[in-house]
């Protein structure tokens, strides 16, 4: 009678039941779990400290004190200061290198549409959503997303939009201040509104395009300024109280207006 072991060996083509595993059977060590890639790594003298990525990124943020809006945009229509892509990257590049942080685009999703500039020139708009991997010195990852958009009449729209998305990631993810004065740091005491003179209403009152409703509003403004009794030279060269003039012209245009 054969044993179960012998029958299994015979089915496998082996006659020696004391033999080890078949030659094509992978050794047991091949099934062992793979060790972490940095488990045996020993940092050199110039290497960053092997800390988790969230701490490494925090150190990057501590070293980026601020990036001022040092560049100016002026197209003749609008003018403002801004923080450009190059200035942002130049600030972050040496600091991230010092702390062993890599910023890598992991996935780029882009959409496009044809459009025109204000002067009618055909151009293309590109909008990208980028998923970034911020990789720390130990190889662990922070995942972040940012968006950017750009217009270009050639083939550079995608590259421009990705550059904008990188700037947005670094500035927003790094909470980088501009150093500009806070809008709330100064106040302006609002004074009393200047009171119009009675004569400044004359052209508007005499204008045939001035509606009866506007004349009623003029009458109210004159009353608020205690100007209803002010004498002016009316449309026919005769002195008349401006309040009476508004009422008269208002009735002529609307069959009954300001009182």
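The values are calculated or read from the model by the stated rules, or taken from the named source; none is laboratory data. Note that this is a predicted model, so its numbers are computed, not measured. Ideal geometry is used to build each Cβ from the backbone, glycine not excepted, and the neighbour counts take in all protein chains shown.
List of remarks:
- The residues on offer are 118, 110, and the sole one that is exposed (fewer than 11 other Cβ atoms within 10 Å of the Cβ) and over 22 Å from residue 59 (Cβ atoms) is 118.
- Matching residues, region 138-151, being touching a helix residue (DSSP H, G or I) at 6+ places or on another chain (Cβ under 6 Å) and outside any strand (DSSP E or B): 140
- Within region 152-171, being surrounded by fewer than 17 Cβ atoms within 10 Å (Cβ to Cβ), in contact (Cβ under 8 Å) with a residue 24 or more places away in the chain and out of contact with any helix residue (DSSP H, G or I) (no Cβ under 7 Å at 6 or more places or on another chain) holds for one residue alone: 153.
- Scanning region 61-85 for residues that are touching a strand residue (DSSP E or B) at 6+ places or on another chain (Cβ under 9 Å) and either touching a residue at least 60 places away in the same chain (Cβ under 8 Å) or not in a strand (DSSP E or B) (or both) yields 68, 69, 70, 83, 84.
- Residue 134, sole failed condition from (1) outside any helix (DSSP H, G or I); (2) crowded, with 21+ Cβ neighbours inside 10 Å; (3) within 17 Å of the chain's Cα centre (by Cα): (3)
- Residue among 66, 70 that alone is modelled with pLDDT of 85 or more and either under 22 Å from residue 139 (Cβ atoms) or loosely packed, with under 12 Cβ neighbours inside 10 Å (or both): 66
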